[in-house]
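Visitor: Starting off with a structure, shown below.
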Amino acid sequence: MTDRAGCAGERRTPSGAVLRTPIAALLTTLLTASAVLFGAGGAEAAGYRYWSFWEANGKDWAYATQGPALLRPDDGTVQGFRFSVSEDSADADQPRRAPDFGAICADTPAKDGSKRVALVIDPGTAADAPDGEEPPALRTACAQVAPDASSAEALASVAKPLRYDSSAMICAISGYPKSGCGEQVSGDGGKKDGSGEPSAPAASSAPAADDGGMDDGDGGGGPSAGLLVGIGAVLLLGVAAVFQARRRR
């Protein structure tokens, strides 16, 4: 009886070892692959150079939820445009002048049959400028336009020439920049600060699309949803194989 128990113990031990070995190997492979994939995704995160569009939210700025070609502001509205390098709306730099309708439109009296829209146009810093270009100075303007005018029309009335791409994204305001439109500019995910050095990358994707202020590229900062689903599928298949092997034993 003792001998049989000893033999049985000897038979169970190799079986458990055989079962644990593929599990350990599977987990090691999956963890290694995930580390490589997520590491590669972080290295490929990129910034995009573009004009972002903002609306006044009291004394602060809020990222606009519609593009300037669609939005029709009310009289007394303050809106901002900021040129910078960012990964998406959560990472975008705000205009560097506080929204103040009274100050911006102080010299533009109200007129029947028109509305006034205060604009802050911030071309950003030298660190965000395309190679060979210097950003013009930040300026404000009070656009006096028809009551049904869009934000884009208000901007055009005070800041020509404007340049758009085929998807109605604003590429240049008052001719700045001379070329480019929402292009990827950094391969390390870093956004440059005022010193010209990359700052810490933001864990986010490329700019979300809208009809006038953003690009709709999807060159985000990490593995795609399809890739993550694939990893999950491999894990499930591996677990299923292990349990199938256990049932056969």
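Every number here is computed from the coordinates shown, using simple stated rules; none is lab data. What you are looking at is a predicted structure, and each value in this text was computed from that prediction instead of being measured. Don't worry about glycine lacking a Cβ; one is built from the backbone with ideal geometry, like all the others, and counts go over all protein chains shown.
Visitor: Along Cα→Cβ, 7 Å out, is where each label goes; now give me the distance between the ones at LEU138 and ALA126 in nm to one decimal.
Guide: Result for the modelled spin labels: 1.7 nm.
Visitor: How much of the DSSP bridge set in segment 66-196 is antiparallel, in percent, rounded to the nearest 5?
Guide: DSSP beta bridges in segment 66-196 are roughly 60 percent antiparallel.
Visitor: Suppose each label sits 7 Å from its Cα in the direction of the beta carbon; what would the GLN184-ASP75 distance come out to in nanometres?
Guide: It is 4.8 nm.
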